[in-house]
1. Which order results if M93, M30, M53 are arranged by neighbouring Cβ count within 10 Å, fewest first?
2. Give, rounded to the nearest 20 debye, the magnitude of the charge dipole that the stretch 6-97 has about its Cα centre when Lys and Arg contribute +1 at Cβ and Asp and Glu contribute -1 at Cβ.
3. Could you work out the mean projected area of the convex hull around the alpha carbons of the stretch 6-97, in square nanometres to one decimal?
4. Of S85, L60, P75, which is farthest along the charge dipole of the stretch 50-97 in the positive direction, counting Lys and Arg as +1 and Asp and Glu as -1 at C-beta?
5. I84's amide H: which non-local residues (gap 5+, or another chain) put their own amide H closer than 5 Å, with H modeled 1.01 Å from N in plane and none for Pro or chain starts?
6. What FRET efficiency comes out for Q82 versus E22 if R0 is 30 angstrom and r is the Cβ-Cβ distance? Round to the nearest 0.05.
7. Which lysines have a Cα less than 28 Å from the Cα of K64, not counting those fewer than 8 places away in the same chain?
8. Would you mind calculating the gained length between E32 and R48 on full extension (0.36 nm times residue separation, minus the Cα-Cα distance), in nm to one decimal?
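Each reported figure results from applying straightforward, stated rules to the coordinates on display, with no laboratory input. What you see is a predicted model, and the numbers here were worked out from it, not measured in a lab. FYI the Cβ positions are ideal-geometry reconstructions off the backbone, even for glycines, and counts take in every protein chain you see.
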Amino acid sequence: MPYVDLKIIAAVIFSLLLINTEMINAFEKMRENMVNVLIRQYRLTDERVLQSMRSVPRHLFVDKASERFAYDDNPLPIGHGQTISQPFIVALMTSVAQISPSDKVLEIGTGDLS
């Protein structure tokens, strides 16, 4: 059996965990900035909607190439000619719909109307 230095393996695992933690923290900061834009720029005040926007990891719903833009206030491609709506539109629709915790919602996009 080949010699395995457990210290090296532990260091590699620790480094990977540290990198992943830094990425998670970066996405959390971007998500909080997105919510701050919704509050300051669009004057959204529905705390349930804002908390939902704070908790949804948008970067997991776009391809890797778009991850860094996931929290920008723009729609992003998600494949097959489809997009994920910009955060403001999602927050506005959710707020106007006055969704209660017991409701079940299926949001179906209308596509490009131009």
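1. Working: M93 14, M30 18, M53 23.
Ordered from fewest to most neighbouring Cβ atoms within 10 Å, M93, M30, M53 come out as M93, M30, M53.
2. Numbers: 10 positive and 9 negative charges, 25 e Å.
For the stretch 6-97, the charge dipole is close to 120 debye.
3. Numbers: hull surface 29.8 nm².
Across all orientations, the stretch 6-97 yields a mean hull projection of 7.5 nm².
4. L60
5. Residues meeting the criterion, in which the H sits 1.01 Å from N, are L76, I78.
6. Working: r = 30 Å, r/R0 = 1.01.
The pair Q82/E22 has a calculated efficiency of 0.50.
7. Correct list for K64: K29.
8. Details: separation 16, 0.36 × 16 = 5.76 nm, distance 1.45 nm.
Gain on extension, E32 to R48, equals 4.3 nm.
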